[in-house]
1. How many nanometers, to one decimal and shortest first, lie between the label point of B:Arg122 and those of its other copies, if labels sit 7 Å from Cα toward Cβ?
2. How much of A:His47 can a 1.4 Å solvent probe reach, expressed as accessible area in Å² and rounded to 10?
3. Which aspartates and glutamates have a Cα lying under 13 Å from the Cα of A:Lys132, excluding residues fewer than 8 positions away in the same chain?
4. Put the label 7 Å from Cα along Cα→Cβ for A:Ser40; what are its distances to the other copies, in nanometres, shortest first?
5. Taking a probe of 1.4 angstrom, what is the accessible area of A:Leu159 in Å², to the nearest 10?
6. If we hang a label 7 Å off Cα along the beta carbon direction at A:Val97, how far is it from the matching labels on the other copies, in nm, shortest first?
7. For the pairs A:Lys99/A:Lys168; A:Lys99/B:Lys36; B:Lys51/B:Lys71, flag any whose C-alpha to C-alpha distance is greater than 28 Å.
8. Taking the Kirkwood radius as the inverse of the mean 1/r across Cα pairs, report the Rg/Rh of the protein assembly as shown.
Number of protein chains: 2
Amino acid sequence: MVTGRNETRDRILQAASELAWETGPGNLSLDAVAAKAGVSKGGLLYHFPSKSRLLEATVETFVQEYDQTLKAREADRPPGSHAVAHAYLDLFVEQHVCKRPPSSGILAALAEDPSFLNPVRRYERELLDRIKADLGDPELAMILYCAISGLKSSDLLSLDVAKPDEIKSLIERLRALISQR
Amino acid sequence: MVTGRNETRDRILQAASELAWETGPGNLSLDAVAAKAGVSKGGLLYHFPSKSRLLEATVETFVQEYDQTLKAREADRPPGSHAVAHAYLDLFVEQHVCKRPPSSGILAALAEDPSFLNPVRRYERELLDRIKADLGDPELAMILYCAISGLKSSDLLSLDVAKPDEIKSLIERLRALISQR
DNA sequence: ATAGCTGTACCGTCTGGACGGTATTGTCAA
DNA sequence: TTGACAATACCGTCCAGACGGTACAGCTAT
């Protein structure tokens, strides 16, 4: 199958993400990825015939996994009560604690070629529309989406600008704004 | 002096920023920068003795220029009426229209080594504090800072997720929230 | 027999950076 | 005034190493 879930393949993708974080997004080499994944270079190239394909797959699986988790959190929420918006906040809080951002692999893709981010572009647009539909108030949706997006990019770039308690009270205020509707 | 403004030096820095945008942040080579700046490679290395120093300088001058412009916009506003917050919005709107984000050079620095973003980290933290002090309401400051930060990162990564009119009405709503205080 | 690798050898290209040279301008002692 | 020297700002070349990718022979579990 095209998007086959495969043991070794997944290990390679994870190794690529971790290495992108450790060595800097632009210094990702196939040799290093293969070594970290515990696979030979030939083995790596068996799964991903070129570096571009590896980076493409990194972005795609990241988006897919994010969406899958988001929909799971959405299902945890009682339906009809702005489940999408709350799930979006839930997922941010959940992923915020990690040392290495799960999205670090996409920086490597960006470094190689910005157009590799096209799937992210499409997905984020779709996500914003879902939040808008969920909330009813398009401007509130924008505030919520953009604010979280800002926090996520701060994590992505490891800027660490906002302190934990600042983030906590921001999230609470955003939740209040949602309920208020 | 240490941070000397110099004709050729500035041309090199600008060339680096533009090339980072054109060729992808990770594909920035000294040869290409030199060629674009109309200088020989030797000449480039005279001004910046290593690639790291060039990227460092790119980040530093970006932060300096941003701060300079922000303070200029702040001075345009009547003092005492949340000048910092409004200037922050003004500057975003102003820079949003450009095709190439002025910050594109910092992606090249990030690609090489994430720690090159340390000056940005420090500056952004300081900026958030200034907005907090300016607004009085810390949570509102966070909403404003994070929302704009999200829009800026979307520009930086060329994600183009929000449409112009969405951005426009978001800005207006943020301005209303400021005045409301 | 085939899928899924391992391991090695290799090639062409690109790139950072070292290095030696050059032109111009300024300084300063004799 | 002039000659020696030095600092600045650059040019052009060269090289070692890294990297992406190819090729191919072999192993092994299913």
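1. 4.3
2. Near enough 50 Å² of accessible area.
3. Hits, sequence-local ones excluded: A:Glu124, B:Glu166.
4. A:Ser40 label point versus its equivalents elsewhere: 4.7 nm.
5. Ignoring ligands and nucleic acids, A:Leu159 comes out at about 20 Å².
6. 4.6
7. As for pairs spanning more than 28 Å Cα to Cα, those are A:Lys99/B:Lys36; B:Lys51/B:Lys71.
8. Details: Rg = 21.3 Å, Rh = 21.7 Å.
Ratio value, two decimals: 0.98.
The values are calculated or read from the model by the stated rules, or taken from the named source; none is laboratory data. Keep in mind that this is a model prediction, so the values were computed, not measured. No Cβ is skipped: glycine too gets one built from the backbone with ideal geometry, and neighbour counts run over all protein chains shown. These accessible areas exclude ligands, DNA and RNA; they are computed on the full protein's heavy atoms, side chains included. Shrake-Rupley method; radii C 1.70, N 1.55, O 1.52, S 1.80 Å.
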